[in-house]
Every structure is written in C-alpha cells, then in structure tokens.
1. Could you go through the stretch 129-150 and let me know if any residue there is open to solvent by 60 Å² or more (accessible area, probe 1.4 Å) and in a strand (DSSP E or B).
2. Which condition from (1) in a helix (DSSP H, G or I); (2) open to solvent by less than 40 Å² (accessible area, probe 1.4 Å) is the one that ASN185 breaks?
3. Restrict the check to the stretch 19-28 and report whether at least one residue is closer than 30 Å to LEU269 by Cβ, surrounded by fewer than 19 Cβ atoms within 10 Å (Cβ to Cβ), modelled with pLDDT of 95 or more and over 22 Å from the mean Cα position of the chain (by Cα).
4. In the stretch 46-60, what residues are open to solvent by 30 Å² or more (accessible area, probe 1.4 Å) and either within 19 Å of LYS275 (Cβ to Cβ) or without any contact (Cβ under 8 Å) to a residue 24 or more places away in the chain (or both)?
5. Can you tell me which of (1) touching a helix residue (DSSP H, G or I) at 6+ places or on another chain (Cβ under 9 Å); (2) over 25 Å from LYS272 (Cα atoms); (3) modelled with pLDDT of 95 or more; (4) crowded, with 16+ Cβ neighbours inside 10 Å is the one ASP68 doesn't meet?
6. Got at least one residue in the stretch 179-191 being among the aliphatic types (A, V, I, L, M), without any contact (Cβ under 8 Å) to a residue 40 or more places away in the chain, out of contact with any Gly (no Cβ under 9 Å at 6 or more places or on another chain) and under 30 Å from HIS152 (Cα atoms)?
7. Name the residue, out of VAL193, VAL199, VAL210, VAL180, that is surrounded by 19 or more Cβ atoms within 10 Å (Cβ to Cβ), over 16 Å from the mean Cα position of the chain (by Cα) and of a type in the set (A, V, I, L, M).
Amino acid sequence: MTKDQLLPLVVYFNDSKAVDTFFDGFLFLGIRGPSGGSYETGTANDKDWSWLLDRLLGSGNQVKNLQDAAEEASKLLGREVILKVIIVIPLADPNLNLSQRTTKVKSYVDEVVARFYSLNFKNLRLEGFYWMSETAPEGDRELIRESCKYVHEKGFKMYWIPYFTAQGYENWKELGFDYVMLQPNFAFYDLTVQRFKEVDERIRKYNLTVEMELPMYTNNPNLRDWRQSFVIYLNASLFYKWNKLSPTSYYYANAFYQIYSNERLYYDLLYKYVKGNLTFNDISK
C-alpha cells in the first residue's frame, strides 16, 4: 500500500477534511512469497523470507510508507500521530527439526528489530509480532512457545488471529500469546447469523477478542453482497458488545482505501465503530 492509500486509515476524512485519527495500529503480513511458497503453512523458502523482509523493511518501503502517512497525518491534524506496528512471523518449514525452526524464527525476529530501529521511524513504534499460521497443531506448539518466549525477551507482544475451527486457541495463554482475536468466518462460508452467537460464547469462555472481517467480497451464499455482510458484522458486534473488546483486528484492511474512495457511507460507519461511537441507529438503514 502507498502512503496515499494508508493516509485515510491513519486519518479520518470528512468531506476531504482531516478531522481525527483513525486506526491506531497496523499489522504487516504476507501470505505467499515469489516462489509460490506459503508463509502460513511453512512452504515459503529462505529467499521468500528474505524477500518479505525487504518488502516490508527494505526497498519495498511498506513500513516506510506508513511512516510517511503518519508524518502527513501529524501535519494535517496539527498534533503528533504515533502508530503501533506489528510484523508477521512466517511459519518455519515443518520438515526442519525444532532447533532449526526455532533458530530460523529467532534470526528473523532479530533482523526485523534491527532493520526497524535502523530506519529511525519518528512516528512508528514496534509493538510486537504476529504468528502467521492461523492454527496451532501439536507439531507446532513447542515452536510457538519458544517463539513467544523469545519475542517477550526482546520486549515485544505476540498476536494471533486463528480461524473459528482452528486447533489450540483455547490454550492460547499456555502457548504464550498476549492477544488472540478469533475469526467468525461468517463472510466466507455457508453460515447463518447463529455463527456470531457461537463466536461470542467462545470469546467469553476463553477470554478472546475478535477480528472484524470486512472485505469487499463475500463467499457466503446467504448474503446479497459485501455491503450486507459489512453491516451484519457491525450489527452483531454491537449486539454482543464486541466493540468494547481490545484489541480488535480488521480484515481485509487493504480494501478500506477503496471503500474510502468509492463507498464513503461504509467508511463513515467503520470510523464510528473503531472510535466506539457507532449505534444501532447508524446502521438501521
């Protein structure tokens, strides 16, 4: 994403006038590397890992673009805007042994930290790391524990966003995560709004928070379009008081610039939700 695409997520614009801050943190992740290997399943190779680092904190300028957006936001609002940054940790190849996998993760974390601080970002704070694999099978759990422990030793937090039927999230504290946001997955499968009740039960039982899934598409055959899905998520969140939970993650935020450009009604609803000011009256239409 460019600086201009990030700016309306850093600043809320009302009729092209900058009036307030918007999101307070940004998660940078990747799904596939140039080889086609997956950062989520562990098939990304060493070159893919290096490419990801360069994409985020090298010549790809992804994190720098956020710094530039934060600087612009500070000028527009007349006050310093400071943003949290969370960086992905890919899943290390399951074919390696535990020691090799752990070493790979530690080296990657060291490189992220070194690169981030070498760039002297004035408006960004490295908040922590995100575990890219959305499930935690038995074979990965010791790696997760070691990775979380190392990130904590470095002074950072560990974030995770498992899907609804993922393994291991009920044991998230024992694994070492600081924050776990559960995916409802309502937008992606043949589900009814009953799913939100089930999500709420798990959130309360396991002390989780939630991911708001707000892409500009839907794969749920019960829904008319993404706009209906968008409103249903907001409505369910107010109903179950998920708007009181923190932190909350937002998928698929890369589309929010397009919503800002072409669907301002939904951009305005999203801003109100993020700021804790959304009401049922706002979405009743």
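1. To start, the set of residues in the stretch 129-150 that are open to solvent by 60 Å² or more (accessible area, probe 1.4 Å) comprises 138-139, 142, 145, 149.
Then keep just the ones that are in a strand (DSSP E or B); that gives none.
No: zero hits.
2. For ASN185, the failing item is (1).
3. Yes, there is a match, as at least one residue in the stretch 19-28 is closer than 30 Å to LEU269 by Cβ, surrounded by fewer than 19 Cβ atoms within 10 Å (Cβ to Cβ), modelled with pLDDT of 95 or more and over 22 Å from the mean Cα position of the chain (by Cα).
4. Of all residues in the stretch 46-60, those open to solvent by 30 Å² or more (accessible area, probe 1.4 Å) come to 46-47, 50-51, 54-55, 59.
Selection gives ASP46, LYS47, SER50, TRP51, ASP54, SER59.
5. (2)
6. Here is the first cut: in the stretch 179-191, the ones among the aliphatic types (A, V, I, L, M) are 180-182, 187, 191.
Going one step further and asking which of them are without any contact (Cβ under 8 Å) to a residue 40 or more places away in the chain, we end up with 180, 182, 191.
Still in the list and also out of contact with any Gly (no Cβ under 9 Å at 6 or more places or on another chain): 180, 182, 191.
Checking which are under 30 Å from HIS152 (Cα atoms) leaves us with 180, 182.
Checking the stretch 179-191: at least one residue is among the aliphatic types (A, V, I, L, M), without any contact (Cβ under 8 Å) to a residue 40 or more places away in the chain, out of contact with any Gly (no Cβ under 9 Å at 6 or more places or on another chain) and under 30 Å from HIS152 (Cα atoms).
7. Values: VAL193 fails: surrounded by 19 or more Cβ atoms within 10 Å (Cβ to Cβ); VAL210 fails: over 16 Å from the mean Cα position of the chain (by Cα); VAL180 fails: over 16 Å from the mean Cα position of the chain (by Cα).
Within the list VAL193, VAL199, VAL210, VAL180, the selection yields VAL199.
Let's see how each residue does on (1) assigned to a loop (DSSP other than H, G, I, E, B); (2) surrounded by fewer than 21 Cβ atoms within 10 Å (Cβ to Cβ); (3) in contact with a helix residue (DSSP H, G or I) (Cβ under 6 Å, 6 or more places away or on another chain):
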position	(1), (2), (3)
ALA44	yes, no, no
LYS64	no, yes, no
LEU76	no, yes, no
GLU80	yes, yes, yes
LEU96	yes, yes, no
SER99	no, yes, no
VAL113	no, yes, no
ASN120	yes, yes, no
ARG125	no, yes, no
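The values are calculated or read from the model by the stated rules, or taken from the named source; none is laboratory data. These figures come from a predicted structure and were not determined experimentally. Because the Cβ atoms are built from the backbone with ideal geometry, glycine has one as well, and the counts that use them run over all protein chains shown. Just so you know, the surface numbers come from the protein's heavy atoms only, side chains and all, with ligands and any DNA or RNA stripped out. Shrake-Rupley method; radii C 1.70, N 1.55, O 1.52, S 1.80 Å.
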